Amino acid sequence: MRLSFENINKGLVIKLDGELDHHTAEEIRDEIDREIEHYGAKNIIFDLSGMNFMDSSGIGVIIGRYKKVSKMGGEVAVVNINSRVERIFKMSGLFNIVKRFESKTQAVDSL
């Protein structure tokens with residue numbers, strides 16, 4: 001799993017490439033938390049264009065980051081989600097707490 005970060009207007013865009021599963025979840029969670037603290041990010045946008053697999057550990061990473069930023073009045077969004085990962089979001093109910101946008105620009109403008 002590779003991560004890249006972009007800070008835009010107190011929002012943190014996190015691009016994930018690879019698989020977010022029980023093998024990578026702890027490291028990914030820690031790295032994202034460090035970047036949230038470093039940038040003082042209020043909102044998070046996950047760009048999932050490069051993610052090809054996510055299991056329940058990945059769901060936990062998303063929910064944990066949601067809890068972290070929602071305490072500060074922030075929100076979480078996803079963009080560029082493929083059909084396989086979208087199915088996991090739907091089945092887990094993540095779309096009840098995470099907003100979905102068609103593009104990064106749309107997400108940044110809305111959050």
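None of the figures in this text is laboratory data; all of them are computed from the coordinates on show. Computed from a predicted structure; not experimentally measured. Here the Cβ positions follow ideal geometry from the backbone for every residue, glycine too, while neighbour counts run over all protein chains shown.
To the nearest 0.05, how large is the calculated FRET efficiency for Arg87 and Ile63 if R₀ is 22 Å and r is the Cβ-Cβ distance? Calculated value: 0.80. Given (1) 42, 25, 12; (2) 21, 18, 12; (3) 19, 16, 13 as candidate values of semi-axes √(5λ) of the Cα gyration tensor in Å, which corresponds to the one derived from the coordinates? Derived directly from the coordinates: (3). Loop-located trypsin sites (Lys or Arg not before Pro) across segment 11-111 with a Cβ neighbour count of 15 or fewer within 10 Å are Lys71, with loop assigned by DSSP.
Taking the Cβ of Val69 as the centre, find all other residues whose Cβ is under 13 Å away and add up their charges (Lys, Arg: +1; Asp, Glu: -1).
So the environment of Val69 carries a net charge of +3.
Straight Cα distances below 20 angstrom link Lys104 to the lysines Lys10, Lys15, Lys42, with same-chain residues fewer than 8 positions distant left out. Note on the chain: helix-only mean residue ellipticity at 222 nm, from DSSP H runs of 4+ residues weighted -39500 (n - 2.57) and normalised by residue number, equals -13000 deg cm²/dmol. Taking 0.36 nm per residue of separation and subtracting the current Cα-Cα distance, fully stretching the chain between Arg100 and Asp55 would add 14.3 nm.
Fully extending the segment from His22 to Asn9 would add 1.5 nm, taking 0.36 nm per residue of separation and subtracting the current Cα-Cα distance.
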